[in-house]
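The values are calculated or read from the model by the stated rules, or taken from the named source; none is laboratory data. In this text, all values refer to a predicted model and were calculated from it rather than measured experimentally. Neighbour counts are summed over all protein chains in view; Cβ atoms, including those assigned to glycine, are modelled from backbone coordinates with ideal geometry.
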Amino acid sequence: MLSLSEVFAIDVIGYAVLPDHYHMVLNLSPSEAVNWSAQKVADRWMRLNPRKNETARSCAARKSTLQSNPDQIAITRERLGSLSWFMQHLNQPIARLANKEDGCKGRFWEGRSKSSHLTDKTAVLAVIADFQLKPLGHRITEHFLKTQYASLSEAEKSKAPAEPNRNMIAKPHQHLHFDSTLREFAEQFIVQ
């Protein structure tokens, strides 16, 4: 998920991975992709769509072909700013792996992903706090900061910079740098 956000014009603000589903708060920045050069678009697309056993020479030829086609660059640039394409590239490998483990074929996910537009920092904090607390409700963990595969607990493990980042929503590409506001917001829902 985080590596995909480095390719797409999408930032992962928060996430929580549970045994059978996941939650994410994303910041979509399709206008950022508009300013990418043809080379940058092609580089990102090649990184997103590597081919098995592709030689460096054939990869360079494929990249050059893409770069020299302005219409295809425009389509690719749009895809790199698209939530649908992001979700497709996130969900397909998970579905393939799960189907392989289960020895079956066919649809893995129950339906399309669902999304909501969050209009301000309070809404973002509320949603992140909610899904950060879900493992407590499912009895997966005893403390929300000890949740495995969740953005807030990952930030705690890596000990985000001492200087709090009070503009985590306003500044793209600063994933996982949570300030004490989110921690305090989530803690008010914990019953001691």
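Below is a table of values for the structure above.
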item	result
Test set (1) under 30 Å from Leu133 (Cβ atoms); (2) part of a helix (DSSP H, G or I); (3) touching a residue at least 12 places away in the same chain (Cβ under 8 Å); (4) of a type in the set (S, T, N, Q) - Ser3 fails condition number	(3)
Count - residues of segment 52-95 that are assigned to a loop (DSSP other than H, G, I, E, B) and modelled with pLDDT under 90	3
Residues of segment 43-62 satisfying the condition of being free of Cβ contacts under 8 Å to residues at least 40 places away in the same chain and either under 22 Å from Pro93 (Cβ atoms) or in contact with a Lys or Arg (Cβ under 6 Å, 6 or more places away or on another chain) (or both)	Asp43, Arg44, Trp45, Met46, Asn49, Pro50, Arg51, Lys52, Asn53, Glu54, Cys59, Arg62
Filter pass, Val34 being more than 23 Å from Ile128 (Cβ to Cβ) and surrounded by 12 or more Cβ atoms within 10 Å (Cβ to Cβ)	yes
Residue within segment 101-109 that is assigned to a helix (DSSP H, G or I) and not assigned by TED's automatic domain parsing to the domain that holds Asp20 present	yes
In segment 91-126, the residues that are touching a residue at least 40 places away in the same chain (Cβ under 8 Å) and more than 14 Å from Leu28 (Cβ to Cβ)	Lys121, Leu125, Ala126
Selection within segment 6-35 - polar (S, T, N, Q) and either part of a strand (DSSP E or B) or touching a residue at least 60 places away in the same chain (Cβ under 8 Å) (or both)	Asn27, Ser29
